[in-house]
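Contents: one structure, followed by commentary.
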Amino acid sequence: MSNSNIVWHSHPVDQQTRSDQKTQRPLVIWFTGLSASGKSTIAGALEQILTGQGYHTYLLDGDNVRHGLCNDLGFSDQDRQENIRRVGEVAKLMADAGLITLAAFISPFRDDRRLVRKILPEGQFIEVYVDANLEVCQTRDPKGLYAKAQRGEIKQFTGIDSPYEAPEKPEVHIQADQISVAEAVNQLLSYLHEIGALQAGYEPVALGA
Ligand code: ADP
């Protein structure tokens, strides 16, 4: 709820100052996809490479924020919407701090993702569709959640009894059921390089996937 008595206060140190100090372009790299599609794994591997190359990053992870910031929220459509709204605002603050922010959230609804894109400065939101088909995700099932959903022990599980709306025009589409984690990271690095988000001199990395 907005309050008309609260006026935005501009401070002398702004996003530009903070990102210049870090010599990097702030971004929100937003990973969306089914549970177990590989969002956290790929985001974590990318973050490791970026920090290794001297970039300043932060990874916001869906499971982790539900332990704190969003521990009052469940999985109804309304709570999912609020979850993404809050996390979007946090991602915006982190980008404002000059960070390359990676966000790994199922974020199943297009409108919620669109809203996050909208609150960020132009060009700072990169939607990454981590695309793995449901059967592959169910086979991986690293946390046993699909098994629980199949037994009816978890309700409103995305892909089972709650919808997933795939991005229509993501900046990056990763076919995570066909390529390795290392290949996915290289796909992302070449995209970031292509749009001028990374400094020159980038070489594809060899990761033991
Ligand atoms: P999510 O964050 O989307 O729920 P996770 O990253 O937690 O997914 O889990 C994905 C699982 O799939 C991990 O155990 C990961 O090691 C495995 N995996 C296998 N192949 C791949 C791949 N090509 N890309 C991403 N993850 C993969």
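The values are calculated or read from the model by the stated rules, or taken from the named source; none is laboratory data. Just so we're clear, the structure is a prediction, and the values are computed from it rather than from any experiment. In this analysis, Cβ positions are derived from the backbone assuming ideal geometry, glycine residues included, and neighbour counts consider all displayed protein chains. Heavy atoms of the whole protein, side chains included, go into the accessibility calculation; ligands, DNA and RNA do not. Shrake-Rupley method; radii C 1.70, N 1.55, O 1.52, S 1.80 Å.
Residues in region 74-209 average 51 Å² of solvent-accessible surface per residue, probe 1.4 Å, ligands and nucleic acids excluded. Here the relative contact order of region 4-149, from alpha carbon pairs under 8 Å that lie six or more residues apart, stands at 40 percent.
Tell me whether region 1-62 comes out rounded, prolate or oblate; compute the Cα gyration tensor, take square roots of the eigenvalues as a ≥ b ≥ c, and use a/c under 1.5 as the rounded threshold.
On the way: a/c = 4.47, a/b = 1.40, b/c = 3.19.
It is oblate, given that a/c is not under 1.5 and a/b is not larger than b/c.
Starting from the Cα gyration tensor of the chain, take the square roots of the eigenvalues, sort them a ≥ b ≥ c, and report rounded, prolate or oblate (rounded when a/c is under 1.5, otherwise prolate if a/b is larger than b/c, else oblate). The shape class here is oblate. For GluC sites (Glu not before Pro), no site in region 1-99 is both called loop by DSSP and has at most 14 other Cβ atoms within 10 Å.
Which shape class applies to region 81-203: rounded if a/c is under 1.5, otherwise prolate when a/b exceeds b/c and oblate if not, where a ≥ b ≥ c are the square roots of the Cα gyration tensor eigenvalues? Oblate is the answer for region 81-203, as a/c is 1.5 or above yet b/c matches or exceeds a/b. What the phi angles of region 121-133 give under the Karplus curve with 6.51, -1.76 and 1.60, with θ = phi - 60°, is a coupling list of x, 3, x, 9, 10, 10, 8, 10, 8, 8, 9, 9, 6 Hz, glycine and proline written as x.
Helix-only estimate, please: 222 nm mean residue ellipticity of the chain, summing -39500 (n - 2.57) across DSSP H runs of length 4 or more and dividing by its residues, to the nearest 500.
Details: 8 runs with 82 residues, N = 209.
Counting only the DSSP helices, I get -11500 deg cm²/dmol.
Given a Förster radius of 22 Å and the C-beta distance between residue 3 and residue 89 as r, what FRET efficiency does 1/(1 + (r/R0)^6) yield to the nearest 0.05? Let's see the in-between values first.
Details: r = 16 Å, r/R0 = 0.71.
My answer for the efficiency is 0.90.
Roughly speaking, what is the stretch gain from residue 168 to residue 119, that is 0.36 nm per residue apart minus the C-alpha to C-alpha distance, in nm to one decimal? Working shown, then result.
Values: separation 49, 0.36 × 49 = 17.64 nm, distance 1.92 nm.
Net length gain for the segment: 15.7 nm.
What percentage of the solvent-accessible surface of the chain, computed with a 1.4 Å probe over protein heavy atoms, is contributed by carbon and sulfur atoms?
Working: 5730 of 11320 Å².
Ligands and nucleic acids excluded, carbon and sulfur reach 51 percent.
Here each label is just a point 7 Å from Cα along the line to Cβ, and for residue 180 and residue 20 those points are 4.2 nm apart.
Among beta bridges from DSSP that stay inside the chain, the antiparallel ones total about 0%.
What do you get for trypsin sites (Lys or Arg not before Pro) in region 95-197 restricted to DSSP loop and a cutoff of at most 10 other Cβ within 10 Å of the site's Cβ?
Listed in order of number, the matching sites are 151.
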